[in-house]
1. Please compute, for peptide B:95-104, the average count of beta-carbon atoms on other protein chains lying within 10 Å of each residue's beta-carbon.
2. Over all alpha-carbon pairs in the protein assembly as shown, figure out the percentage whose distance exceeds 39 Å.
3. Which log10 I(q)/I(0) values does segment B:197-253 give at q = 0.22 Å⁻¹ under the Debye formula, counting every alpha carbon as one identical point scatterer?
4. If you count the DSSP beta bridges with both ends in the protein assembly as shown, what percent of them are antiparallel, to the nearest 5?
5. What full-extension length gain, to one decimal in nm, is calculated for residue A:12 and residue A:36 as 0.36 nm per residue of separation minus the Cα-Cα distance?
6. Arranged by the count of other C-beta atoms within 10 angstrom, fewest first, what order do B:120, A:144, B:290, A:29 take?
7. Evaluate peptide A:135-144: per residue, the Cβ atoms of other protein chains within 10 Å of its Cβ; return the mean as an integer.
8. Per Stokes-Einstein, at 25 °C and 0.890 mPa s, what whole-number D in µm² s⁻¹ belongs to segment A:1-123, with the Kirkwood radius over Cα pairs as the hydrodynamic radius?
């Protein structure tokens, strides 16, 4: 982290010097000046938020449904939903690319979003599965006998009870998308610019200060998400009182 | 009303008001453990019906089946005269309260209690009025804006009760409502339940394994054994006249004395020859009776049926009893008697005993549970011993 900060403000820094021979804020000026990197940040943020929200909306009922299975059915379903995550990203990307090309969204943000959703749904389904296994379903039963329909129980009881885990899940989904390189490159075909792609291209080009300042921007959201998750973890109330 | 057999469904023939709840031949659950079969009973408005039974007897399964939380395999559930057997829980008009209060932590007390009204689309003004009234009934009128986690255990129970009754359900189903409470709170919540049941004329079905709670809360008690309703009776009748040895044991009746019915109306046992109140089949039999069915007399009193030696005094908050050893030809037996008329007993003292046969149940050993019990008792002489269960 410290190295990245120093590197981001270096003008020249060659071996074997222990510190930069010349200091420069060019990397940060360029970063804050907008242009290509601003587009990449915007794309990453929009894709991350969409991936977190949509992934959460899909994984929530999947995790809930799997939690109601018993024995081998539960393990099989959990393994099935997690299997795309276990595959190597390049193999997964090639498979997804075929799928998004068939849909006609190859090389577009929509295609990249669909690709990001695959691992996100896998991770978040397991996340919600673990929560629903521990969830006290008696509160839903009691709410039903109090007169609430299944839909009312979901929106007035279950979702409010799990609002903090849901917020955490959205943050996790955001981070999964935020850090995606291989899937974005393969499915986006270089046409969809995100921050990881930019950082990697600067590194390949030898623009150390640009790569370092971009990498620091990449680190910021995970740090915020970790802080938010730590705050939420201490306040999560999954059980009725 | 008593059933003639443990296998027969039981209906109370006494004239009653129209049933708030009528359960007919309901079978629910599966497997040998925890299911219930062919259950039939009725509960009227304002009546408190308590179901007792050992763990795994099917009490909670029955309650959940009535609430619609699990499907019934057979039979019908009528609430307020309408068949609700196949309706979803929210359309049954039967509220099911769990053992622990399950308040929604994201809502304050007012919103928790208002929940059943809000999901029914009741107008805001009426919600305010009804919630205020019901919170007043459970002494929580000053707690409307409090969050559940700031309430004491008793207040949470009362809030959950208020939420259950605010929509005036046809039947309130309480699953072990007092089992998680300490004795002081237990009495408090018991009185609160009885108070709101009277005020709102609720039909209550309460499941419990605690016989004290059952006796204190019930108008009638149903005994569930092995998934079947074995007996339904008011508490006094049930405790005085259990219909089988299994029921007597569930009711913790401590004295079982094996004997032999000679001519249908006289039973010979280590306690002497005692006349039976009802004609009984000749053969081996077991007498079961509570400690207060024994009258303690002076050893030389002419009314004494037998004598015994005091072996232990048992002091309890509500009743002091004494263990008495009776010598017999086969082997000595030990029985437990309540101390009412002879308070100055000491260990080793010889006393006379007389049984109040109106309060003694006699079970022929033809019943499967009785034959097993007789063998057990014959080998052990008695269910009680000085070091035995109290």
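Values quoted throughout were computed directly from the atomic coordinates according to the rules given, and no laboratory measurement underlies them. All figures in this text were calculated on a predicted structure; none of them were measured in a lab. When we count neighbours, we look across all protein chains shown, and the Cβ atoms used for this are built from the backbone with ideal geometry, even at glycine.
1. Per-residue shielding by partner chains comes out at 5.
2. Of the Cα pairs, 53 percent sit more than 39 Å apart.
3. Summing over Cα pairs of segment B:197-253 leads to -0.85.
4. Antiparallel: roughly 75 percent of the beta bridges in the protein assembly as shown.
5. Between residue A:12 and residue A:36, full extension yields 6.3 nm more.
6. Lowest count first: A:29, B:120, B:290, A:144.
7. Details: counts 0, 3, 0, 7, 5, 2, 9, 15, 8, 11.
Per residue, the number of nearby Cβ atoms from other chains is 6 on average.
8. 136 µm²/s
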